[in-house]
Amino acid sequence: MTETPAPTGAFPFADVDEARTRFADAGYLTDDRLATTVYLQSRLDKPVLLEGPAGVGKTQLAASLAEVTGRRLLRLQCYEGQDESKALYEWDYGKQLLYTQILREKIGQLIEDAPDLHEAVERIAKQDSVFFSDRFLAPRPLLEAISSDEPVVLLIDEVDRADEALEAVLLELLSEFQISIPEVGTVVARHLPYVVLTSNNTRDLSAALKRRCLHLFLEYPSAERELEILRSKDTGLPDALAARLVEVVRDLRELELRKAPSISETIDWARTLAVLGVKELNAEVLSATLNVVVKYERDLTKAAAALPRILDPNAEVPDHLHGHGHGHGHGHGHTHSAESGRPSAPSSDDGDVDGREVRRNKDEPGRHDKAYYGKEGGSGGPKRVPSGQGKKSFAAGRARKRPV
Ligand SMILES: Nc1ncnc2c1ncn2[C@@H]1O[C@H](COP(=O)(O)OP(=O)(O)OP(=O)(O)O)[C@@H](O)[C@H]1O
Ligand SMILES: [Mg+2]
């Protein structure tokens, strides 16, 4: 998409403006804060942590960063119960087995004159390093990013879904940019990757992780920027209608829906209306296509009821359309902050808005010690690693089975 050549020098952007322009060329529109954060990342070699609701461009930022810097994108998608072997590396068991089958005769010769079982085991054990070597290592995204010949962009997506044990592994990686493999030794990064972490806020991340990153909360964009994004996507919707649509979506975001519509849904809605050849945004056509932006049935009812008033604050709305349980008027009389439009906290029967309810439930007081949230200086990483996890050692200086 971009005509800009990949940078050859050490720094990809001369200044913040260049970062903004290069991202725009690649179809990603930043605001000042975002452009500055990306520029600083490239100068300070610090990971960026993006938090915010779904669909505001967190993942896309990493993809666009890879595009504008000409780097390969490596992605670690985090999920609950994820084992660190899926994030760092695994031993290729199948290959090890295949080799032992092929080498069966050779292995037999090694132990044929062993006087007893103990001696035979000793002799086999001496060959460990053959089978636990680079040849049999299957790197997963984190090790791949560290050991890559070329500098890469490493996206650690939805880190809030990972368990704290994996978060602890990440902490070590992000501060040292190296991984210790007990059987092989320490792998130190050849080139520092640009690391982008994203979080949907389903739980609070540790202060230790936040401290290591340039932290940015991505909100819904201002009306102006959202319209610019719409224009850049060539949705086919006439500009005047697109501008109106952005206003409607912003009003819908005020409705305390279970899932507020995001930028990607505004884009989808604009494309839908363009395909339908809509010439005017009225309650009828918007209601008929509301399922493009609102994904829960209760939200649909609430949004459909609010649409007439959103389109015309003086509209007469039949009584039966009132009373859907949200505590303010339908789309009139509320204010938008310049870059916000963020819905307020849900009432108890309103479901989860952007994972807040989940986070609240998970984050019971006392679940972590105080240092976890940084209240007592927060030195070091999370101390607690649930038993059965964190089996491997990943930082330099830890005890290794076989030092190199
Ligand atoms: N600043 C932007 N410029 C251009 N397009 C954008 C921008 N922000 C979001 N988009 C569009 O919105 C889509 C969704 O963005 P993305 O998938 O990055 O959201 P997300 O924040 O990662 O959401 P989730 O939390 O659901 O993963 C992108 O594919 C892109 O088309
Ligand atoms: Mg994402």
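A short reminder: the numbers here are calculations on the coordinates, not readings from a lab. Everything numeric in this text was worked out from a predicted model, so none of it was measured. Cβ coordinates were reconstructed from backbone atoms using ideal geometry, including for glycine residues, and neighbour counts include every protein chain displayed.
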Vicinal HN-Hα couplings computed from phi for the range 116-126 (Karplus, 6.51 cos²θ - 1.76 cosθ + 1.60; Hz; Gly/Pro x): 8, 4, 4, 5, 4, 5, 4, 5, 5, 4, 5
Amide proton proximity set for Thr186, modelled H, under 5 Å, gap of 5+: Ile181
3J(HN,Hα) from dihedral phi, the range 94-111, Karplus parametrisation 6.51/-1.76/1.60, rounded to Hz, x for glycine, proline: x, 5, 4, 5, 4, 4, 5, 5, 5, 8, 3, 4, 4, 5, x, 4, 4, 10
Built amide H within the under 5 Å cut-off of Tyr89, gap 5+: Arg140
Karplus 3J(HN,Hα) series, Hz, for the range 42-54 with 6.51 cos²θ - 1.76 cosθ + 1.60 (x for Gly, Pro): 5, 8, 9, 6, 9, x, 10, 10, 9, 10, x, x, 5
Sorted peptide list for 254-263, 127-136, 172-181, criterion being average Cβ within 10 angstrom, highest first: 254-263, 172-181, 127-136
Cα gyration tensor category, rounded, prolate or oblate, for the range 141-183 with a/c compared to 1.5: oblate
Among Ala120, Ile102, Val68 - extreme Cα towards positive end, dipole of the range 22-166, charges at beta-carbon: Val68
Glu112/Glu90 FRET efficiency (R0 35 Å; Cβ-Cβ; nearest 0.05): 0.60
Cα gyration tensor, the range 94-151 - rounded (a/c under 1.5), prolate or oblate: prolate
Out-of-range pairs (alpha-carbon distance over 27 Å; input Lys233/Lys302; Lys46/Lys95; Lys58/Lys233): Lys233/Lys302; Lys46/Lys95
Cut-off under 5 Å, modelled amide H: who pairs with Ile156 long-range: Leu76, Val196, Leu197, Thr198
Rel. contact order, % - alpha carbon contacts under 8 angstrom, at least six apart, the range 244-297: 44 percent
Gain upon complete extension [Phe11, Arg298; 0.36 nm per residue less C-alpha separation]: 98.4 nm
